[in-house]
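Here's the structure, in structure tokens; my notes come after.
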Amino acid sequence: MIRGIHGLFYTSDAQGTRDFIRDKLKLPHTDVGEGWLIFDLPEGDLGCHPIDESGSPTAGRHEISFYCDDIQSTVAELRGRGVQFRSEVADHGYGFVTYFSMPGGVEVQLYQPKYAKATQRRKTTQRKKATPRRTGKRAKPARQARAKSRRSRR
């Protein structure tokens with residue numbers, strides 16, 4: 001069974017890109033030896049986008065984006081660590097978007113989605129189900145309520 005997704009950045013400066021992700025983005029990682037770091041992401045998702053009538057972007061192209069809950073505070077925090085953004089945050093319909101550069105010529109999108117992921121919706125539903133409603137009155141056990149109902153029908 002598939003448990004997750006493994007993404008790759010192809011870069012002309014692999015060590016610089018790894019250092020950037022470790023030191024600037026502060027992503028947890030596993031050192032698998034010989035300078036290779038595998039970064040552990042807490043969650044992920046996958047989208048499939050169509051190419052337009054002109055064939056752009058090219059079919060078979062892959063992209064990696066990072067998403068966050070609050071883009072303004074995330075951008076401010078990353079700028080404080082020296083990350084340079086190539087654009088201001090803009091509304092792209094599906095979310096609020098900006099782009100930053102990593103060593104080795106890697107451009108990355110950072111966005112705050114406007115949609116709720118299925119896992120977020122499930123968590124919200126589970127919290128609602130798990131929270132008992134309080135009416136201010138003490139609830140009667142079901143057996144007592146049924147007995148009272150039978151007596152009143154007689």
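Against the criterion of being part of a loop (DSSP other than H, G, I, E, B) and at pLDDT 95 or above, residue 88 qualifies. Can you find a residue in the stretch 126-135 that is part of a strand (DSSP E or B), at pLDDT below 95 and either more than 18 Å from the chain's Cα centre (by Cα) or not hydrophobic (A, V, I, L, M, F, W, C) (or both)? No, every residue in the stretch 126-135 fails to be part of a strand (DSSP E or B), at pLDDT below 95 and either more than 18 Å from the chain's Cα centre (by Cα) or not hydrophobic (A, V, I, L, M, F, W, C) (or both).
For the stretch 54-80, filtered to residues that are on the phi < 0 side of the Ramachandran plot and loosely packed, with under 10 Cβ neighbours inside 10 Å, the residue that is modelled with the highest pLDDT is 80.
Against the numbered list (1) free of Cβ contacts under 8 Å to residues at least 24 places away in the same chain; (2) within 21 Å of residue 16 (Cα to Cα); (3) part of a loop (DSSP other than H, G, I, E, B), residue 100 comes up short only at (3). Being small (Gly, Ala, Ser), closer than 24 Å to residue 11 by Cβ and either part of a strand (DSSP E or B) or modelled with pLDDT under 85 (or both) is a property that does not hold for residue 44. Against the condition modelled with pLDDT of 95 or more and either loosely packed, with under 10 Cβ neighbours inside 10 Å or of a type outside the set (S, T, N, Q) (or both), how does residue 51 come out, does it pass? So residue 51 fails the test.
For (1) touching a Ser or Thr at 6+ places or on another chain (Cβ under 7 Å); (2) under 30 Å from residue 118 (Cβ atoms); (3) in a loop (DSSP other than H, G, I, E, B); (4) in contact (Cβ under 8 Å) with a residue 24 or more places away in the chain, each residue gets a yes or a no:
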| site | (1), (2), (3), (4) |
| --- | --- |
| 18 | no, no, no, no |
| 49 | no, yes, yes, no |
| 76 | no, yes, no, no |
| 104 | yes, no, yes, yes |
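The values are calculated or read from the model by the stated rules, or taken from the named source; none is laboratory data. Owing to the predicted nature of the structure, the values given are computational and were not obtained by experimental measurement. Cβ sites come from the backbone with ideal geometry, for glycine too, and all protein chains shown count toward neighbours.
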